[in-house]
Amino acid sequence: MTLKEYRKKRNLKKSGEPSSRRQKARKGKSSKEKHKLPRFVIHEHHASHLHWDLRLEMDRVLKSWAVPKPIPLKKGEKRLAIQVEDHPLSYARFKGVIPEGNYGAGTVLIWDTGKYQLIERTPKKIVVEFKGKKLKGKYCLIKTSYGGIKNGWLFFKI
């Protein structure tokens, strides 16, 4: 999933969403930046269907998943998470109303935000520890093809 797909789906002048420009890589990172934890945000998105958007800062973009049911807060609760196009880092602060007639039309609220620590990352598994206001603890995303859902992942607290 890329920012190119993000741009293709949207008219940013009409939707009011952040630009899709990738942030430039810095030549060298200070020692403070090297130890800085990446951000996450969870948007509550009142679109044609209420869902939550999980976004993790990775590879200078926000890797994104749409979660159709409320975010799991307890061990044992599992949720389907469908990977969608990458979003620009500036989307981490976005909230507002995407006007009717635009992709994703509806109200976007920030449900939670904070930092996370990456514990494991493979093409089919991501384990993180969230340090948010609501979301705290270790969570796992596992790639699945259950039900034939394209880009499906299982999202749960461990």
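Throughout, read-outs are computed from the coordinates displayed, never taken from laboratory work. Being a predicted model, the structure only gives us computed values, none of them experimental. A quick note on method: Cβ atoms are made from the backbone with ideal geometry, for glycine too, and the neighbour counts reach across all protein chains shown.
Can you tell me how many residues in region 83-116 are over 21 Å from Gly132 (Cβ atoms) and either within 12 Å of the chain's Cα centre (by Cα) or aromatic (Phe, Trp, Tyr) (or both)?
Counting residues in region 83-116 that are over 21 Å from Gly132 (Cβ atoms) and either within 12 Å of the chain's Cα centre (by Cα) or aromatic (Phe, Trp, Tyr) (or both) gives 2.
Check Gly106, Gly101, Gly96 and return the single one that is more than 22 Å from Gly76 (Cβ to Cβ) and out of contact with any strand residue (DSSP E or B) (no Cβ under 8 Å at 6 or more places or on another chain).
Sole residue among the options that is more than 22 Å from Gly76 (Cβ to Cβ) and out of contact with any strand residue (DSSP E or B) (no Cβ under 8 Å at 6 or more places or on another chain): Gly101.
Among Tyr103, Tyr146, which is the only one that is loosely packed, with under 13 Cβ neighbours inside 10 Å and aromatic (Phe, Trp, Tyr)?
Tyr146
Looking for something among the aliphatic types (A, V, I, L, M), within 12 Å of Ile42 (Cα to Cα) and either in contact (Cβ under 8 Å) with a residue 12 or more places away in the chain or not in a strand (DSSP E or B) (or both) - is there at least one such residue anywhere in region 128-146?
yes
Count, please, the residues in region 113-132 that happen to be basic (Lys, Arg) and either in contact with a Ser or Thr (Cβ under 7 Å, 6 or more places away or on another chain) or surrounded by fewer than 11 Cβ atoms within 10 Å (Cβ to Cβ) (or both).
1
From (1) out of contact with any helix residue (DSSP H, G or I) (no Cβ under 9 Å at 6 or more places or on another chain); (2) aliphatic (A, V, I, L, M); (3) surrounded by fewer than 17 Cβ atoms within 10 Å (Cβ to Cβ), pick out the condition that doesn't hold for Ala92.
Going through the list (1) out of contact with any helix residue (DSSP H, G or I) (no Cβ under 9 Å at 6 or more places or on another chain); (2) aliphatic (A, V, I, L, M); (3) surrounded by fewer than 17 Cβ atoms within 10 Å (Cβ to Cβ), Ala92 breaks only (3).
Give me a count of the residues in region 73-90 that are within 24 Å of Ile142 (Cα to Cα) and not in a loop (DSSP other than H, G, I, E, B).
Final tally of qualifying residues: 11.
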